[in-house]
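Contents: one structure, followed by commentary.
Derivation of every value follows stated rules applied to the coordinates shown; laboratory data play no part. Since this is a predicted model, take the numbers as computed values, not measurements. Quick reminder, even Gly has a Cβ in these numbers, built from the backbone with ideal geometry, and neighbours come from all protein chains shown.
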Amino acid sequence: MTLRRLSLPLLALLGSVALPAALAAEDNMRELTWAELRPKAVAQPAKPKPFFSGASPVDANAPAPPPISEGKFMQMKRRQPGDGSPPAVVAELDGKRVRIGGYIVPLDFEATNVKEFLLVPFVGACIHVPPPPANQIVYVKVEKGFEVSGTFDPISVVGTMKTTTAFTGLADAGYTLDAETVTAMKP
């Protein structure tokens, strides 16, 4: 009976200390939307033409492009909106603890354990369709990796955002995020 009397006040005391600490950690975290990754003063690139809307004119007399040596295609820069100039990012996000949802494009993985990936706003970005602008791609590093069920399933990532550009073989990412947690979301 004495142990029970001691344990209830002790649990109440521990709860009053642990709960505010957990809430403070959540208060420090900023919930981001993809629109918040684009600076307001920057003109947005024109939307790409639909795939079957017609091809650009091709000079029939022009020489064919040089062949790409095998194994080198991942080292080439892809056509990406704003390509060739530094990405316009929101500098205020540098060093902030954030949560953002999106879809993964795995880069470094072993079977279903992913350690590095691109976080993109829609399914198939960088793989099935041209990549979005660099300020709409986040390069994510997960120290121990996480188990992924599928690349078409949405996820939520919590971690520290940096405005460091990362070049991958698929696309330039305007942001880098050191992930604390990666959570599968229900579609």
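Of Val148, Val89, the sequence from fewest to most neighbouring Cβ atoms within 10 angstrom is Val148, Val89.
With neighbours defined as other Cβ atoms within 10 Å of a residue's Cβ, the residues Lys186, Lys162 order from fewest to most as Lys186, Lys162.
Classify region 81-185 as rounded, prolate or oblate, taking a ≥ b ≥ c as the square roots of the eigenvalues of its Cα gyration tensor: rounded when a/c is under 1.5, otherwise prolate if a/b is larger than b/c and oblate if not. Taking the square roots of the gyration eigenvalues as a ≥ b ≥ c, region 81-185 is oblate.
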